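Input: a single structure, listed below in structure tokens.
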Amino acid sequence: MTSASHLLNEDRQDFEHVLDEALRVILEGLEPDGNGSGPASGDVGLPLNAEQLRTLALAATEQINAPAAAEYAAYLALRGETREAVREAARARDNRAFGYAAMGVADRRGSGAGIIPVLAVLTPLLAGAAAVIFLLIGYAMSAVAPEPAIASPLRTAGWFFAAVTAASILAGAIGLLLTALRDGSRAIHDGPDSLSPEVTRARTAWREALLSLGMLPFLEDALNGTAAPGPQAPAPTAPAPKMPHLGYSRPAFSSPQEPRPTTPHFSSPDYSSPDWGGPEHAPE
């Protein structure tokens, strides 16, 4: 369940009105001559001006409304009961109007719908159907030669019922308009915005408690520098330091220092041609 100190959105306007009144009282009381013309003339020499005080108060709405939570809860309870009663009355009017429009449906007092609502519903339907039938038959007979003597009275009757249909539709539209205007005026007087005397007194008591118990002490503390700050965004913090050096360093990767293999030294064989002599010299 919503706590009593939680301010509903529809009551923000009342809260701002009380805030304006509190600012006027605070700033006029701090003027040198004591009878200044408004908050603008009391801003000089103050630690906070009117706009800054207003911003602080709007940021601490729940804190300011907390001392007047009991009065605010009583106001909400009475207002809820009044609005529920208005909704019940509106539903009763709708049910009564529906009962009047339906044939033979009894209203809340047990009586029938009445002859006038029944005629208002049936007359356009019956007269319109009769007008269509008579006109169709009358004009169909006019195409026959010789024209029957009953054709002209049928057409006359058809136009008469057409006029009755138009008149009944017009009368029904006027009746609906008057009913809508009457119910609309009742709805305006019984709406949620028109408060009953009990709700008005509860609203006044809440606003007075909000002004004396919550708003004025908060603004005085704000001027004295002792007001508790409202909900604010967290202040930016310094970036976290990097991980401290723990004495380890990354390993130095390098290729292994091994002696390069030496290739064997080959030399070409020392070939020489055989020592051949003539036939007189035989090889040894």
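The values are calculated or read from the model by the stated rules, or taken from the named source; none is laboratory data. What you see is a predicted model; the values in this text were computed from it and never measured. Counting neighbours? That spans all protein chains shown, and the Cβs are built from the backbone with ideal geometry, glycine included. Protein only, heavy atoms only, side chains kept; ligands, DNA and RNA dropped before computing areas. Shrake-Rupley method; radii C 1.70, N 1.55, O 1.52, S 1.80 Å.
When only the heavy atoms of the protein chains count and the probe is 1.4 Å, how do 220, 81 rank by accessible area, highest first? Write down the numbers at each step before the final one.
Working: 220 90, 81 120 Å².
Final ranking, largest accessible area leading: 81, 220.
Highest first, please rank the peptides 21-28, 115-122 by the mean number of other Cβ atoms sitting within 10 Å of their residues.
The most tightly packed comes first, giving 21-28, 115-122.
Apply the Karplus curve 6.51 cos²θ - 1.76 cosθ + 1.60, θ = phi - 60°, to the phi angles in segment 204-219 and return the couplings in whole Hz, x for Gly and Pro.
5, 5, 5, 5, 5, 5, 5, 6, 7, 8, x, 6, 4, x, 5, 5
What's the ranking of 61-70, 156-165 by average number of surrounding C-beta atoms within 10 Å, highest first? Provide the component values of the computation, followed by the final result.
On the way: 61-70: 19.4, 156-165: 16.4.
Final packing ranking: 61-70, 156-165.
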